[in-house]
Structure formats: C-alpha cells, structure tokens
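Take a look at the structure below.
The values are calculated or read from the model by the stated rules, or taken from the named source; none is laboratory data. Nothing here was measured: the structure is a model prediction, and the numbers come from that model. Methodologically, a virtual Cβ is constructed for each residue, glycine included, from the backbone with ideal geometry; neighbour enumeration extends over all protein chains shown. Remember, those area values only see protein heavy atoms, side chains included, never the ligands or the DNA or RNA. Shrake-Rupley method; radii C 1.70, N 1.55, O 1.52, S 1.80 Å.
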Amino acid sequence: MYGLPLLSLSIWVPIVFGVAVLATGSDRNATAARLLALIGAIAGFLVTLPLYTGFNSAGSGFQYVELAPWIASFNVNYHLGIDGLSLLLILLNSFTTVLVVVAGWEIITQKVAQYMAAFLFLSGLMNGVFCALDALLFYVFFEATLIPMFIIIGVWGGPNRIYASVKFFLYTLLGSLLSLIALIYLYNTAEGSFSLLDFYQLPLGLGAQILIFFAFFMAFAVKVPMWPVHTWLPDAHVEAPTGGSVVLAAIMLKLGGYGFLRLSLPIVPDASQYLAGFVIFLSLVAVVYIGLVALVQTDMKKLIAYSSISHMGFVTLGIFIFNAQGMEGAIIQMISHGFVSGALFLCVGVLYDRMHSRQIADYGGVVNRMPVFAALFMLFAMANSGLPGTSGFVGEFTVIMGAMKANFWYAFLAASTLIFGAAYTLWMYKRVIFGAVANHHVAELQDINLREFLVLGALAAAVIMMGVWPDPFAEVLHTSVNDLLTHVSQSKLPVE
Amino acid sequence: MAVDAERAAQDQGVKHDEHHDAKKHDDHHDAHHAAPHESPWVVTLPLVLLAIPSVCAGWIIGEFVFGRYFGNSIVVFDSHPAIAALAKDFQGVIPMILHGFTSLPFWFAVAGAGTAYYIYVMRPDLPAVLRAKWGVVVKILMDKYGFDRFNDWFFAGGARKLGGGLWKGGDVAVIDNFFVNGSARVVGWFSTVLRRVQSGYIYHYAFAMIIGILLLLTMIFRY
C-alpha cells in the first residue's frame with residue numbers, strides 16, 4: 001500500500017528517532033529530548049495505522065512482505081511480513097510507546113534522552129520480532145529487546161534494580177539460548193534456509209519435534225512467563241520504573257505468546273499437540289496458584305505482576321486447546337491484557353509519584369482526594385476482574401468457551417480466575433481507594449493532571465471500546481487463526 | 001520513607017487519638033459517626049426511574065413472556081416445557097395480582113413490615129426487652145446465622161492462608177531459593193572445588209599429566 005515499506009518503517013522509524021533523541025545529549029536539553037521522543041513515538045504509531053486500514057482480513061498468508069538478502073553467505077534474509085496476529089501486536093506496541101513517553105514526561109528527570117531513546121529502540125525492536133519471517137532475524141530482534149529493558153530497569157529502577165535486572169536478563173537469556181540451537185538444527189535440516197516459511201513445510205520426526213518443542217518452550221515459557229519459571233517477573237516489575245513495567249507487561253510478555261503461535265505450533269505441530277496436556281496443566285496451575293499468590297501481596301506492583309502471570313496463563317491455555325475460539329480468545333486476551341495491565345501499572349505509577357510507596361498499607365481513602373483518578377482506576381480494576389463491557393471479559397470469556405469445548409474441567413479451573421481476579425483486584429482497590437483518609441500524606445494528594453488524564457483516558461477508551469465492540473480486533477484474526485489451525489492439524493511426521 | 005516514619009509515629013504514640021479510632025470503627029459502624037442524610041440526586045434519580053417500571057412493568061410483561069413478542073428469538077425445547085407450564089397458570093394481570101395476595105412470600109413481607117412498625121414505631125421500648133429476654137436468638141439473627149463470618153473465615157481466610165503458603169513456600173522457598181539460587185550455589189560450589197585443582201604447583205600439574213597419559217594409554221591399548 002502506498003508503495004512504502006510499511007513494516008520496515010514501523011521498525012526503523014522509532015529506532016532512528018531513538019538515535020536522534022540520544023544525540024540531544026545531556027539533561028540540559030531534556031525538553032528537546034522529550035519533544036523529539038514524543039514526535040518519534042507518534043510517527044512510529046502513525047506509520048503502523050496504514051497496516052490496519054490496508055490489511056486484507058480475508059487474505060491467507062503473510063501481507064506487506066519485504067524480502068532482501070542480509071547475510072548472503074548463510075542465506076539469512078531481511079524477510080518481513082505480517083498476518084492478523086502480528087498486526088494487532090504491532091499496533092498495540094506502537095500505541096503503548098506513545099503512552100509511556102507521555103507518562104514519563106516530568107517524572108523522569110535524570111538521563112532523560114537515554115530513557116526516552118531506550119523506549120523508542122525497544123518499540124522498534126519489538127515490532128521487528130512481530131514482523132520477522134526469517135528465523136535468525138527473529139532471534140536477533142527477540143534477544144535485542146533484552147538490552148533496552150535491561151538498561152531501563154537497571155538505570156531508572158528502584159533500590160534493588162541491579163538484582164532485578166540481572167535476574168531478568170539471565171532468566172530470559174538462558175531460556176532463549178536453547179531456541180537458537182533448535183533454529184540452527186532446523187537450518188541444517190532445511191538445507192541452509194532460515195526462512196520460517198521453509199521451516200513450516202519441513203517434515204520432522206516426533207523425537208526431533210519434541211526436542212525442538214522444548215527448546216522453543218524454554219524461550220517462550222520464560223517470556224510469558226509460565227509457572228514455574230515466572231519468578232523473575234514480580235522482581236522485575238517491582239524494581240522497574242513505571243514506563244518499564246508498562247512495556248514489560250503490555251508488550252514484552254506477548255513476545256512469548258507470539259513465539260508459541262509463530263514458531264512452536266507451525267514448526268512442530270505434532271509435538272505441540274502431543275505435549276498440549278503438559279502446557280495446559282502448567283497454564284491452569286498459573287491461573288489458580290498465581291491467583292492465590294496475588295491475593296496475599298502487600299505491594300501493589302507485585303500484585304499486578306502476579307495478576308499478569310495468571311492472565312497470561314489464559315493465553316497459553318487458549319493457544320494449546322487447539323480450537324478457533326481458544327486461539328482467538330488467547331490473542332484477544334493478549335491485546336486486552338496489554339491495555340489493562342499497562343493501565344494498572346500507570347495507576348500505581350500515579351500514586352507512587354506522589355507518595356513514593358507501593359505498599360497497600362500506606363494508602364486508604366484516596367477517593368476523597370483523587371476522585372477522577374479513582375474512577376479511572378475503578379474501570380481498570382473491573383477490566384482486570386473480567387467484567388462484561390470491558391476488554392478483559394472478551395478474551396477470558398472466549399477462552400473459557402473454547403476450553404469448555406475441549407474439556408469441562410479445563411473450563412471450570414480457568415473460570416476460577418473470575419473469582420480470584422475479582423478478589424485480589426477489588427480487595428486491593430478497596431484498601432487503597434476507599435475508607436477513611438489513612439494519613440496526612442493521603443490527605444495532601446492532588447488529583448491527576450491533564451497529562452495523566454490523557455494517558456489513562458486513552459487506555460480507558462481502548463478498554464471500553466474493545467469490551468463493547470471487539471469486532472475490529474477479532475475480524476483481522478479469523479483467517480490467520482483458521483490458517484494456523486489447519487496447518488497445525490496436518491502432521492509433519494515423515495511418511496514411512 | 002516519609003510514609004514509613006508516619007506509620008512508626010502512629011504506632012508509637014498516637015494509638016488512641018480520635019482519627020485512628022474513627023478509621024478502626026468506620027468499617028462496620030458508619031452510622032454512629034455520620035448523621036443520616038438524604039441521598040444526593042445521582043442516587044435518587046435512578047431510584048425514581050427504576051420505581052416507575054417496577055410499578056408498571058407487570059401490566060405488560062405477560063405479553064412479553066407468554067405472547068409472540070420474542071418471535072423465534074427464544075427457542076424452548078419440547079423436553080423442557082417450563083414456559084408452557086407457567087403459561088397454563090397465567091390468566092392475565094388481575095388474576096395474577098389476586099394470586100399474589102394468596103402467596104406465602106407476600107404475607108411474609110407484610111408481616112415483616114408490620115412487625116417492624118410495631119416494635120420500632122408503636123412500642124420502641126420492646127427491642128431492649130426482646131434483646132434481654134432472647135439474647136441468643138437476637139444474636140443469631142443479627143449475625144445472619146453466621147454465614148458471613150463463616151465465609152470470611154473459611155473462604156477469604158482460607159484463600160489468604162493458601163496463597164501465603166504458595167507464595168512463601170512455593171515461589172520463594174522452592175522455586176527461587178532451592179532451584180534458581182540453588183543452581184547458582186551449585187555452580188559456585190563446583191568452581192571453588194575446581195579452583196583448588198589450579199594450585200600453581202608444577203608438580204601437581206605434572207602429576208595430573210602423568211595420570212592423564214596413563215589413562216589415555218590404557219584406553220588406547222585396551223582396544
């Protein structure tokens with residue numbers, strides 16, 4: 001469309017602006033850095049919009065394909081293309097980048113240019129993951145996203161930031177190293193091609209498929225994160241600055257879910273089906289176990305981090321029950337969770353900026369001082385509990401319906417999230433927002449300013465729109481999901 | 001930090017100040033502190049709007065449920081003829097109202113209103129007498145048969161206990177401490193042991209080489 005390489009633009013516009021923001025240098029030019037970052041983020045978002053308007057929902061296969069040689073001697077190509085699944089994640093990513101730039105506006109006062117640039121780099125790199133059709137390109141983008149996030153947590157994080165950032169880095173890096181080995185094995189088996197499209201057609205024995213599955217699984221399960229490799233996430237969230245938490249929860253975790261859909265399922269379909277019970281088991285443990293753990297958290301960010309893990313359990317559950325509803329629900333849930341968890345972390349950020357505490361016990365009666373904030377926070381809390389009319393409901397309900405088709409008990413256990421989710425979210429909300437004004441710090445709170453209102457308001461609009469009218473999100477998915485399910489249903493075991 | 005200091009101050013000295021007490025009691029006895037007042041219009045208006053259909057809806061609802069209003073939108077399976085069974089008993093609005101007067105729930109409601117009027121308006125001295133005489137019964141009723149307390153203790157408390165156990169026992173002790181930090185410790189321990197091998201003494205290295213050569217030769221000549 002328009003003859004422009006839109007996917008390349010969606011990757012490189014934020015990165016080029018990131019370089020420009022870095023060039024503004026020290027904090028003496030902080031305002032210039034902020035403005036330039038905002039322009040870059042908005043430009044990055046604008047270039048992704050034609051992807052949606054020009055997208056052919058009925059079209060099979062990948063769209064907006066770009067192909068150019070990158071490392072010719074190893075047959076590695078700069079090969080990009082998207083389907084409905086990647087489209088939504090790219091839009092979510094570019095939208096979120098605008099919000100985190102605005103959210104960090106006056107809050108970040110140290111090394112402003114570096115902070116803003118890190119987010120722009122991260123945005124471009126994550127778009128790269130969602131576009132890549134070459135396995136090595138995918139891997140490079142996938143790993144490169146660790147660097148800006150490592151810096152964001154390690155430089156602008158809380159007191160324990162070094163521990164958290166190293167834990168985050170080691171956990172996710174170790175997980176994905178095995179997947180590189182799997183990719184190299186596939187490269188050799190495919191006779192010297194890194195193209196995902198070639199991998200999709202490659203016949204593989206069940207033994208090899210299972211090993212490859214676990215290699216991918218290590219990478220993506222850590223990223224999602226699935227129980228029991230989830231413990232890096234609460235630490236990372238607690239220490240990360242607000243913007244870091246927002247991007248981590250809203251987009252980075254989705255790299256894991258996306259990896260399952262883009263790599264695991266189509267490349268090793270037989271192993272994926274063979275081991276589906278195992279993944280479903282881990283997902284249901286995440287939903288129930290983590291739901292209970294979230295209930296007892298005393299730190300708001302930790303509570304939302306655990307809530308994220310529980311909600312992402314829904315995503316992996318939906319993916320591995322292998323029906324259209326489950327899979328579409330999982331993708332919708334990823335997008336919805338991007339809005340809702342991002343918004344909740346921003347809400348905690350709003351309180352933290354004023355009180356410098358994330359402890360629930362330090363709050364109480366905030367509604368008396370911040371009624372507008374309390375109303376928005378209420379909406380996001382409701383969405384996190386999966387209330388109908390919000391985006392949280394659509395994904396969860398669709399996954400539960402899909403699970404019901406697969407097995408009653410899957411659906412039964414998954415539905416427990418509606419109880420746990422409501423319990424931990426609303427109980428936290430009640431303790432923070434309602435009741436008598438807890439102390440003189442709460443008494444001195446000021447309601448949100450215009451900048452904060454714009455950020456939270458945009459997310460509120462997204463949450464409600466997706467809740468009452470999910471069609472624009474769902475319709476781009478149907479064909480992609482059906483194609484994927486058809487592909488997965490065909491065995492790749494070599495014919496004897 | 002400031003908040004922590006504040007909390008510490010509260011804990012040390014001002015435990016019994018008015019503010020603190022007010023917060024403590026507010027949860028259950030709001031009415032003791034704030035005088036009852038008329039609700040604001042945002043509450044009153046919806047109530048009025050809801051009151052109108054609750055009076056009138058009964059006159060037309062029969063047509064919705066038993067008539068043709070829904071067309072084919074609602075399908076009732078022949079195996080579950082619930083609507084047909086209801087329809088047999090529905091003879092129009094007036095008979096329905098008259099039927100209402102003969103049903104037990106209606107008279108329970110009337111009896112409730114009547115009792116309340118009698119003991120709180122006509123004989124306001126009675127509640128104290130009743131409480132003195134039938135304290136146990138009053139307590140059971142006031143506690144709503146203890147269901148709330150049971151739910152608080154069993155479901156809410158139980159879930160919190162379980163969650164706490166899973167967190168401290170599962171996440172912190174087993175996953176983080178045993179597996180994650182445990183593997184780091186094992187690597188660390190292993191390297192301290194290995195480090196001793198690198199003693200710097202030439203005769204240690206020479207000895208190791210001799211053993212290695214012996215092993216190699218054994219392997220070569222065995223096969």
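At a glance:
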| quantity | calculated |
| --- | --- |
| Residue within the range A:367-375 that is surrounded by fewer than 24 Cβ atoms within 10 Å (Cβ to Cβ) and in contact with a strand residue (DSSP E or B) (Cβ under 8 Å, 6 or more places away or on another chain) present | no |
| Flag for B:Arg195 being closer than 29 Å to A:Leu233 by Cβ, among the basic types (Lys, Arg) and either in contact with a helix residue (DSSP H, G or I) (Cβ under 7 Å, 6 or more places away or on another chain) or more than 10 Å from chain A (Cβ to nearest Cβ) (or both) | no |
| Helices (runs of 4 or more DSSP H) contained in the range B:117-216 and holding at least 2 residues of a type outside the set (A, V, I, L, M, F, W, C) and open to solvent by 100 Å² or more (accessible area, probe 1.4 Å) | B:126-133, B:181-197 |
| Residues satisfying the stated conditions in the range A:44-89, i.e. part of a strand (DSSP E or B), among the hydrophobic types (A, V, I, L, M, F, W, C) and within 28 Å of A:Met327 (Cα to Cα) | A:Val65, A:Leu80, A:Ile82 |
| Among (1) of a type outside the set (D, E, K, R); (2) modelled with pLDDT of 90 or more; (3) open to solvent by less than 50 Å² (accessible area, probe 1.4 Å) - the single one A:Ile151 does not satisfy | (3) |
| Matching residues in the range A:283-311 - criterion: being open to solvent by 10 Å² or more (accessible area, probe 1.4 Å) and free of Cβ contacts under 8 Å to residues at least 60 places away in the same chain | A:Val285, A:Val296 |
| Conditions (1) under 19 Å from the mean Cα position of the chain (by Cα); (2) surrounded by fewer than 20 Cβ atoms within 10 Å (Cβ to Cβ): number failed by A:Gly259 | (2) |
| Candidates A:Val222, A:Val229, A:Val238, filtered to the one that is under 19 Å from the mean Cα position of the chain (by Cα), within 14 Å of chain B (Cβ to nearest Cβ) and open to solvent by less than 10 Å² (accessible area, probe 1.4 Å) | A:Val222 |
| Some residue of the range A:199-219 being touching a residue at least 24 places away in the same chain (Cβ under 8 Å), of a type outside the set (Lys, Arg) and on the phi > 0 side of the Ramachandran plot | no |
| A:Ser176, sole failed condition from (1) out of contact with any helix residue (DSSP H, G or I) (no Cβ under 6 Å at 6 or more places or on another chain); (2) part of a helix (DSSP H, G or I) | (1) |
| Candidate set from the range A:188-198 (those that are without any contact (Cβ under 8 Å) to a residue 60 or more places away in the chain and assigned to a helix (DSSP H, G or I)); member that is least open to solvent (accessible area, probe 1.4 Å) | A:Thr189 |
| Flag for A:Thr96 being of a type in the set (Ser, Thr, Tyr) and surrounded by fewer than 16 Cβ atoms within 10 Å (Cβ to Cβ) | no |
| Flag if A:Pro472 is without any contact (Cβ under 8 Å) to a residue 60 or more places away in the chain and either in a helix (DSSP H, G or I) or open to solvent by 60 Å² or more (accessible area, probe 1.4 Å) (or both) | yes |
| Extreme residue, surrounded by the fewest Cβ atoms within 10 Å (Cβ to Cβ), among residues of the range A:475-493 that are β-branched (Val, Ile, Thr) and part of a helix (DSSP H, G or I) | A:Thr486 |
| Listing of helices (runs of 4 or more DSSP H) fully contained in the range A:376-447 that carry 3 or more residues being open to solvent by 20 Å² or more (accessible area, probe 1.4 Å) and more than 14 Å from every other protein chain (Cβ to nearest Cβ) | A:391-406, A:408-433 |
| Those residues of the range A:312-324 which are more than 17 Å from A:Phe339 (Cβ to Cβ) and either open to solvent by less than 10 Å² (accessible area, probe 1.4 Å) or among the hydroxyl-bearing types (Ser, Thr, Tyr) (or both), in sequence order | A:Gly313, A:Thr316, A:Leu317, A:Gly318, A:Ile319, A:Phe320 |
| Odd one out for A:Thr172, checked against (1) touching a residue at least 40 places away in the same chain (Cβ under 8 Å); (2) hydroxyl-bearing (Ser, Thr, Tyr); (3) surrounded by fewer than 22 Cβ atoms within 10 Å (Cβ to Cβ) | (3) |
